[in-house]
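Worksheet for the structure shown next.
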Amino acid sequence: GGRFGWRDALMRYVSNPEDYQTQIYWMDSDLMAIYDAYPKARVHLLLIPLKHKIMSLDNLTGDPSHVRLIEDMQRRGIWLIERLREHNPELKHGQVHMGFHAIPSLRLVHMHLISDDFDSPCLKNKKHWNSFTTDFFIKPSEVIEALKDTGRFHPDERHFTEILRMPLKCHRCGET
């Protein structure tokens with residue numbers, strides 16, 4: 001259906017997982033990992049909470065349930081990366097990263113698990129590249145720390161919009 005606009009695409013999965021069996025990599029009662037519909041690398045999953053319908057990182061507070069949610073996502077992300085490595089021998093240690101986009105294009109808090117080959121026809125522009133290879137890609141530990149310290153995680157939109165416009169840089173050696 002037409003109930004959700006493209007920004008709400010993740011709501012479809014959460015609302016009717018049974019309709020998306022082939023797109024679901026893994027799921028339990030709290031979290032769901034789906035294949036990104038427009039993967040930016042050979043391995044690209046999105047980890048989405050099922051019980052908390054939190055639209056974005058800046059809706060998170062220092063509430064213990066919010067902190068626990070991001071901690072659970074981080075723990076599950078680590079577990080999923082191990083599992084991905086077992087099933088994809090080409091993924092050597094340290095080649096799958098997890099994090100959130102500072103300014104996500106889709107609503108509903110979701111964490112990316114992405115291999116750093118960035119080998120995909122869907123990786124089309126500088127914005128895509130910079131969203132995974134710069135500070136725009138935020139580690140779960142940074143979100144947890146901010147929530148515990150200040151009770152919120154509020155990315156500076158101007159700063160992060162600038163980051164997306166930065167010159168392309170190699171994510172391995174730092175050369176432009």
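The values are calculated or read from the model by the stated rules, or taken from the named source; none is laboratory data. The model shown is predicted, which means the values in this text are computed figures rather than measured ones. Don't worry about glycine lacking a Cβ; one is built from the backbone with ideal geometry, like all the others, and counts go over all protein chains shown. Heads up: the accessible areas ignore ligands, DNA and RNA and are worked out on the full protein's heavy atoms, side chains in. Shrake-Rupley method; radii C 1.70, N 1.55, O 1.52, S 1.80 Å.
A compact table of results
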| quantity | calculated |
| --- | --- |
| Number of the exception - M11 against (1) in contact with a Phe, Trp or Tyr (Cβ under 6 Å, 6 or more places away or on another chain); (2) without any contact (Cβ under 8 Å) to a residue 40 or more places away in the chain; (3) over 22 Å from W79 (Cβ atoms) | (2) |
| Breaking point among (1) aliphatic (A, V, I, L, M); (2) open to solvent by less than 30 Å² (accessible area, probe 1.4 Å); (3) without any contact (Cβ under 8 Å) to a residue 24 or more places away in the chain, for I78 | (2) |
| Number of the condition not met by E90 [criteria: (1) buried (at least 17 other Cβ atoms within 10 Å of the Cβ); (2) over 26 Å from L164 (Cα atoms); (3) in contact (Cβ under 8 Å) with a residue 40 or more places away in the chain] | (1) |
| Members of the stretch 141-172 found to be among the hydrophobic types (A, V, I, L, M, F, W, C) and open to solvent by less than 40 Å² (accessible area, probe 1.4 Å), listed by number | V143, I144, A146, L147, F153, F160, I163, L164 |
| Filter result for I138 (closer than 13 Å to A41 by Cα, open to solvent by less than 30 Å² (accessible area, probe 1.4 Å), modelled with pLDDT of 95 or more and touching a Pro at 6+ places or on another chain (Cβ under 9 Å)) | no |
| Hits in the stretch 32-69 (condition: of a type outside the set (A, V, I, L, M, F, W, C) and under 13 Å from M111 (Cα atoms)) | Y35, D36, H44, P49, S56 |
| Verdict on H66 being surrounded by 12 or more Cβ atoms within 10 Å (Cβ to Cβ), more than 15 Å from the chain's Cα centre (by Cα), part of a helix (DSSP H, G or I) and not hydrophobic (A, V, I, L, M, F, W, C) | yes |
| Flag for L47 being within 28 Å of T150 (Cα to Cα) and either open to solvent by less than 10 Å² (accessible area, probe 1.4 Å) or at pLDDT below 95 (or both) | yes |
| Matching residues, the stretch 1-43, being open to solvent by 40 Å² or more (accessible area, probe 1.4 Å) and basic (K, R) | R3, R7, R12, R42 |
